[in-house]
Structure formats: structure tokens, C-alpha cells
1. Highest first, please rank the peptides 128-140, 51-63, 81-93, 106-118 by the mean number of other Cβ atoms sitting within 10 Å of their residues.
2. Once you place label points 7 Å from the Cα toward the Cβ at THR138 and PHE74, how far apart are they in nm?
3. Rounded to the nearest 500, what is the chain's calculated 222 nm mean residue ellipticity when only DSSP H runs of at least 4 contribute -39500 (n - 2.57) each, over all residues?
4. By how many degrees, between 0 and 90 and to the nearest 10, does the Cα long axis of helix 103-113 differ from the longest principal axis of the chain?
5. Over the chain, what is the relative contact order in whole percent, taking alpha-carbon pairs under 8 Å and six or more residues apart?
6. Here are some values of Cα extents along the principal axes in Å: (i) 71, 53, 24; (ii) 70, 35, 29; (iii) 43, 30, 25. Which one was computed from this structure?
7. Compute the signed sum of charges (Lys and Arg +1, Asp and Glu -1) over the other residues within less than 14 Å, Cβ to Cβ, of GLN25.
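Please treat every number below as a calculation from the coordinates, not as lab data. Since this is a predicted model, take the numbers as computed values, not measurements. Reconstructed Cβ throughout: ideal geometry from the backbone, glycine too, with neighbour counts over all protein chains shown.
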Amino acid sequence: MCDEPKIDNSTQEPMNCTNHTAYVQCLPAPNITCRDYLGIEKVFTGHEVGFYKPIECRNVNGYSYKVAVALSLFLGWLGADRFYLGYPALGLLKFCTVGFCGIGSLIDFILISMQIVGPSDGSSYIIDYYGARLTRLTITNATFRKMQTYP
């Protein structure tokens with residue numbers, strides 16, 4: 001049985017997150033015998049830590065998803081959303097053109113809401129730990145592609 005990760009209130013990510021990985025304690029079931037890499041056997045009682053399970057976490061630098069969406073919705077025509085996310089040139093351009101006559105504001109609202117546009121430093125938004133997050137799926141050369149068979 002593994003513990004739930006302890007969540008940091010300021011980042012909404014597991015505590016002690018380094019290199020996109022955090023570790024939680026796991027307790028083996030009682031009367032489980034394990035042999036370590038040296039060949040030493042150990043019998044667990046169910047009350048001691050047997051191993052640490054790695055869990056994925058994200059790099060966040062203080063940009064709130066809720067604030068970004070609110071700025072985009074209410075002040076997007078002034079470029080406030082782009083200034084907040086660290087894109088001052090686009091923010092100034094949106095300010096001078098009144099959000100590209102409203103069309104750019106609508107497009108930015110959709111892109112920020114779908115988490116396609118994020119902070120300029122490459123970090124992730126701060127989103128509630130159990131909140132709605134999007135995970136991008138990508139296909140690279142390391143991705144296995146299964147050949148389609150036709151009947």
C-alpha cells in the first residue's frame with residue numbers, strides 16, 4: 001500500500017519534486033519476504049517502508065491557470081494575459097490593436113483555456129492537484145507504431 005503524496009499548497013504539486021519526479025512511501029503487505037540485491041532476505045510486517053514509488057510531477061513557477069484564464073477573458077483585449085504569461089511584445093501588440101479587433105482576444109482565450117499557450121519560461125500552470133489538467137500526447141521516433149492489419 002502506497003501513501004498519497006503530500007501536496008504543497010503553493011504549487012499544488014507533490015512535495016520534494018525534483019526532475020519531474022517525486023517519491024512516496026510504500027508499505028508491503030504483511031509476511032512478504034523480499035531478497036535485496038545482496039541476497040539478504042527480509043520479512044516485512046506491514047508497518048515498515050519497503051520501497052519508494054516514483055510519481056510524476058510538473059515544474060511550476062508561480063503562474064496560476066485560473067488567473068491566466070480570468071485575465072484572458074476580462075482583460076484579453078488589453079493584452080493583460082500575454083503580459084502576465086511573460087510575452088510582453090504580444091501583450092503590447094494586443095494593447096495597441098485592441099486585441100486584434102477582438103479576434104485575437106477570442107483566439108487567445110481559447111488557447112489559454114485549452115492550456116496550449118502557457119508561461120513563456122516553459123513551466124506549467126499551477127492547477128489544483130485534483131483539478132482538470134491536460135496531458136499532451138506526442139509521437140516521436142521512440143514511439144511504437146503498430147501496423148494496421150486489415151481483415
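1. Numbers: 128-140: 8.9, 51-63: 14.6, 81-93: 17.9, 106-118: 16.2.
My ranking of the peptides, most packed first, is 81-93, 106-118, 51-63, 128-140.
2. Output for this residue pair reads 3.5 nm.
3. Numbers: 5 runs with 41 residues, N = 151.
The helix-only estimate for the chain comes to -7500 deg cm²/dmol at 222 nm.
4. Value to nearest ten degrees: 10.
5. Numbers: 216 pairs, mean separation 29.3, N = 151.
Across the chain, relative contact order equals 19 percent.
6. Of the listed options (i) 71, 53, 24; (ii) 70, 35, 29; (iii) 43, 30, 25, (i) comes from this structure.
7. Spelling it out: positives minus negatives among the neighbours equals -1.
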